[in-house]
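Visitor: Got a structure for you, questions after.
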Amino acid sequence: MPDKTIYQQLREDGLSRRDFVKFCGLLSGMIGFEFSAAGKALGATAGRDAAGVVAQALKTKPRLPVIWLELQDCAGCTEAISRSLSPSLSNLVLNRISVDYHETLMAAAGTQAEEARRATMEKYRGQYVLVVEGSPTVMAGGAFCTIGGRSNLEILKEAAEGAAAVIATGNCAAFGGLPRAEPNPTVAHAVMDLIKDKPVINIPGCPAIPDVTTGVIAHFLVLGSLPKTDALKRPVAFYGHTIHDHCLRRPFYEAGQFASDFGGRSAKAGWCLYKLGCKGPTTYNACSSLKWERGLSFPVQSGHPCLGCSEPRFWDGGGFYQGQSAPLNPPAAAAVGLAVGAGAVLGGALAAANLAGKNKAKE
Ligand code: SF4
Ligand code: F3S
């Protein structure tokens, strides 16, 4: 008997038709359809709007199997997803539509859990999406991270071999993260360094924004492909702008008004956190536009500088709270952000120049 369609399954789970329509609208937003060439093309061909394309896919397609591996990590990305406001879109997509195997969240443990992974890999060979959280270690054949007595390297390669696509979620999987920080005692790698024969997409962040990971899974589910990425394999729909581009403290940056201490009056009044070490000008992520917890807030809004957690080498790339922001990487590594990265180095000077210009204009 063929698998039920997603729509059938959601209806059986008690989702009303009205909620289904709402769900499709929200999901199309999460996928980033406005930015997706594939989504636009499909919509134009089918004569439907974005929500209509999503609805059609959910009514005709079976659920998308997902295997979620945890390697060298703190499980922060999983924590972020499991603690997102309930019932969130992420919960709906991941719990009801997708995840077959997740060491931390699944009820099964030990041999039963390993069996569940093997069964999914066999039944859905070539169809499932592999999500990897945490960085793989290659030292001593991967012996520094073992699961069920097998090396992480062996498990990763085996799971990637039968996957349709690989999603590296969190900075550790995308770029090596904390385990890869100097002196990198386990010789941690980024997933993309080891998996070369499958499409790999990175959702960096510490943790990754749950709705972005879900959005990329949903994109694959609806369109059968990964979204367009930048030079670091990050989806452009979510990483196409810096934190600085949409920051609510930006007017203060432009006016040259910088908070000088944490919790002081200027920081509370919304002044720019650049001189407290904010790396927003060189950091590509959706925090300042999408925000966290369904738009509730994000670090800079809550009074903390952006640490650049979605960029490579963010643990080694300079003091978190140094007085001036600095690019975390040589500009060549952040190809998409070349211009903005260079601008950030000069940020303080530019802001001062802006202010001088404005003052001059007033005169
Ligand atoms: Fe916002 Fe940081 Fe840019 Fe200031 S430097 S405007 S706090 S992102
Ligand atoms: Fe990370 Fe900066 Fe967002 S530290 S969570 S990318 S505001």
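Visitor: Once you put a point 7 Å from the Cα of Arg83 and another 7 Å from the Cα of Lys198, both along the Cβ direction, what distance in nm separates them?
Guide: Result for the modelled spin labels: 2.9 nm.
Visitor: Could you give the length gained on full extension between Arg150 and Glu122, defined as 0.36 nm per residue of separation minus the Cα-Cα distance, in nm?
Guide: On the way: separation 28, 0.36 × 28 = 10.08 nm, distance 1.85 nm.
Gain on extension, Arg150 to Glu122, equals 8.2 nm.
Visitor: Take the Cα gyration tensor of the stretch 149-284, multiply each eigenvalue by 5, square-root it, and list the three semi-axes largest first, rounded to whole angstrom.
Guide: Details: eigenvalues 248, 75, 23 Å².
Those come to 35, 19, 11 Å.
Visitor: On to the next question. Antiparallel DSSP bridges in the stretch 112-239: what percent, to the nearest 5? If you can, show how the numbers build up before the last one.
Guide: On the way: 4 of 13 bridges.
The antiparallel fraction comes to roughly 30 percent.
Visitor: A further question on this structure: Going by how many other beta carbons lie within 10 Å of each one, how would you line up Arg18, Arg125, Arg249, Arg313, fewest first? Kindly include the intermediate steps, with their values, before the conclusion.
Guide: Working: Arg18 8, Arg125 12, Arg249 25, Arg313 18.
In order of increasing Cβ crowding within 10 Å: Arg18, Arg125, Arg313, Arg249.
Visitor: Sticking with this one: Simple spin-label model, 7 Å along Cα-to-Cβ: Ser302 to Glu254 in nm?
Guide: About 2.8 nm separates the two model spin labels.
Visitor: Can I ask one more? To make sure I understand, if each residue's beta carbon is the centre and we count other beta carbons within 10 Å, what order do Leu276, Leu290 fall in, fewest to most?
Guide: On the way: Leu276 23, Leu290 19.
Listing Leu276, Leu290 from fewest to most nearby Cβ atoms yields Leu290, Leu276.
Visitor: Give me the one-decimal nm value for the distance between modelled label points at Asn184 and His246, 7 Å along each residue's Cα-to-Cβ direction.
Guide: 3.2 nm
Visitor: Using 0.36 nm times the number of residues separating Ser225 and Val21, minus their current alpha carbon distance, what extension gain do you get?
Guide: On the way: separation 204, 0.36 × 204 = 73.44 nm, distance 2.29 nm.
Stretched fully, the Ser225-Val21 segment lengthens by 71.2 nm.
Visitor: To the nearest Å, what is the center-to-center distance of the stretch 276-294 and the stretch 149-210, using C-alpha atoms only?
Guide: One Cα centre to the other: 23 Å.
Visitor: Length gain on complete extension for the stretch Asp49 to Ala109, per 0.36 nm per residue less the alpha carbon to alpha carbon distance?
Guide: Values: separation 60, 0.36 × 60 = 21.60 nm, distance 4.29 nm.
Going from the current span to full extension adds 17.3 nm.
Visitor: Now a separate question. Based only on Cα atoms, what mean projected area does the convex hull of the stretch 246-298 have, in nm²?
Guide: Working: hull surface 15.1 nm².
If I average the Cα hull's projected area over directions, I get 3.8 nm².
Visitor: In what sequence do Asp3, Asp100 fall when counting other Cβ within 10 Å, fewest first?
Guide: Values: Asp3 13, Asp100 19.
If I rank by nearby Cβ atoms, fewest first, I get Asp3, Asp100.
Visitor: Then there is this: Rg/Rh for the stretch 115-209 to two decimals, with Rh computed the Kirkwood way over all alpha-carbon pairs.
Guide: Values: Rg = 13.0 Å, Rh = 13.4 Å.
Rounded to two decimals, Rg/Rh equals 0.97.
Visitor: Give me D for the stretch 170-236 in µm² s⁻¹, whole number, from Stokes-Einstein with Rh from the Kirkwood sum over alpha-carbon pairs, 25 °C and 0.890 mPa s. Could the numbers behind the result be given before it?
Guide: On the way: Rh = 12.7 Å.
Using the Kirkwood radius from Cα pairs, D works out to 194 µm²/s.
Bear in mind that the values in this text are calculations on the coordinates, not laboratory data. Since the model is a prediction, treat every value here as computed from it, not as a measurement. Neighbour counts are summed over all protein chains in view; Cβ atoms, including those assigned to glycine, are modelled from backbone coordinates with ideal geometry.
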